[in-house]
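Taking it in order: structure first as structure tokens, then the write-up.
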Amino acid sequence: MEDQSPYVTSSSYGKEDAEDQHRGPGEAKPWDIDDVLDLTGGAGQLSHPTFSVSFPGKEAAPAAEEDDEEEKGSYLDSLEPSPEDEDPSSIGSDLPRATVIPSAPQEEHDRPASAVVDLLYWRDIKKSGAVFGASLFLLLSLTVFSIVSVAAYIALALLSVSISFRIYKGVLQAIQKSDDGHPFKALLDSNIAVSEDLVQKYCNVALSHINCTIKELRRLFLVEDLVDSLKFAVLMWVFTYIGALFNGLTLLILALISLFSIPVIYERHQTQIDHYLSLVNKNVKNISDLVQSKIPGLKRKAD
């Protein structure tokens, strides 16, 4: 019998029976195009037909199974969308999200400022009332007595309270025969020393403000800008009348009352106040521009 090389035939030729007679008992049936097309889903999915070869005397079933798996894998890969066809909105969802960095804690130098704001806006009515009442009582006392007398009276009042409480707790411990110890022991053991860093920080802040004030006064008194110097002169002239009507303590009392009242009033009626302030500023600016245009030498120099 003549040896025949394996080849793939189509079922349309009608030679399957003849090929079966030529194959030996150990030879596998070669794959034809129809079988391959059936596995890959039809002729429309194959651009180039793949031919399988079976060798005589060897089983071709495992190779056929591997080719089957490769054809199925290539077919499934062809169904997956390409990166260009993917939705752009879905691309960002696969990217790793940036780690959210928590906001930095509030710095220590902002805490005193926030505490003052809370006091002025009466966030805590008890604290604001206590601070306002004590400050107002101190200023009113200074209007009647000298500062030395006020300091002495305040010290005597504090000593009277602390000594009375100390004697009361000592008598109570003697009667109950208890060993509670000193009533102010917790306060005596606490650290109330002012740190050098805190003093240095506030000294630097005060020094910067003092330097700015000195530079501004030098600019005004040496008439660097004639308009600003005239405004400052008018302000000092108004203060002469205010000083004749009120003394320093009265002005401090009025300032204290204003600090604890104006912020709350402005917070409740901010819209109306801003409207009237804008009108006043507009009128003042118009008058100032009119005066500068009428009087020669008052126009500001161009920057």
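The values are calculated or read from the model by the stated rules, or taken from the named source; none is laboratory data. Everything numeric in this text was worked out from a predicted model, so none of it was measured. Please note that ligands, DNA and RNA were not included when accessible areas were found on the heavy atoms of the full protein model with its side chains. Shrake-Rupley method; radii C 1.70, N 1.55, O 1.52, S 1.80 Å.
Using θ = phi - 60° and the Karplus form 6.51 cos²θ - 1.76 cosθ + 1.60, what ³J(HN,Hα) does each residue of region 213-220 get, whole Hz, x for Gly and Pro?
5, 5, 5, 5, 5, 4, 5, 6
With a 1.4 Å probe and all protein chains in place, put V264, V205 in order of accessible area, largest first.
Order by accessible area, largest first: V205, V264.
Would you mind giving the average projected area, over all directions, of the Cα convex hull of region 137-233 in nm² with one decimal?
Projected over every direction and averaged, the Cα hull of region 137-233 covers 11.5 nm².
Could you work out what % of the accessible surface of region 195-268 is carbon and sulfur, using a 1.4 angstrom probe and leaving DNA, RNA and ligands out of the count?
72 percent
Of I253, I125, which has the most accessible area with a 1.4 Å probe, and how do the rest follow in descending order?
I125, I253
Distance from the Cα centre of region 219-293 to that of region 183-199, in angstrom?
When both Cα centres are located, 42 Å separates them.
Among the listed pairs K231/K282; K127/K169; K126/K201, which have their C-alpha atoms separated by more than 24 angstrom in this model?
Checking Cα-Cα distances, K127/K169; K126/K201 exceed 24 Å.
For I167 and S278 in the same chain, what is the full-extension length gain: residue separation times 0.36 nm, less their Cα-Cα distance, in nm?
Length gained, I167 through S278: 33.7 nm.
What is the diffusion coefficient of region 176-258 in µm²/s, taking the Kirkwood radius over Cα pairs and the Stokes-Einstein relation at 4 °C with a viscosity of 1.567 mPa s?
The Stokes-Einstein estimate is 71 µm²/s.
Using 5 Å bins from zero, what percent of all Cα-Cα pairs in region 161-303 falls into each bin?
That works out to 2, 6, 7, 8, 10, 13, 12, 9, 6, 5, 5, 4, 4, 3, 2, 2, 1, 0, in percent per bin.
Just to check I understand the Karplus step: with θ = phi - 60° and J = 6.51 cos²θ - 1.76 cosθ + 1.60, what whole-Hz values come out for region 157-172, glycine and proline as x?
Once θ is set to phi - 60°, the couplings for region 157-172 become 5, 5, 5, 5, 5, 5, 5, 4, 5, 5, 5, 4, 5, x, 5, 5 Hz.
Taking H as built 1.01 Å from N, whose amide H comes closer than 5 Å to the amide H of D225, not counting residues under 5 places away?
For D225, whose amide H was placed from the backbone, there are no distant partners under 5 Å.
For K169, what accessible surface area do you get with a 1.4 Å probe? Give it in Å², rounded to 10.
Accessible area, nearest 10 Å²: 50 Å².
Suppose accessible area is computed on protein heavy atoms with a 1.4 Å probe; arrange W122, W237 from highest to lowest.
W237, W122
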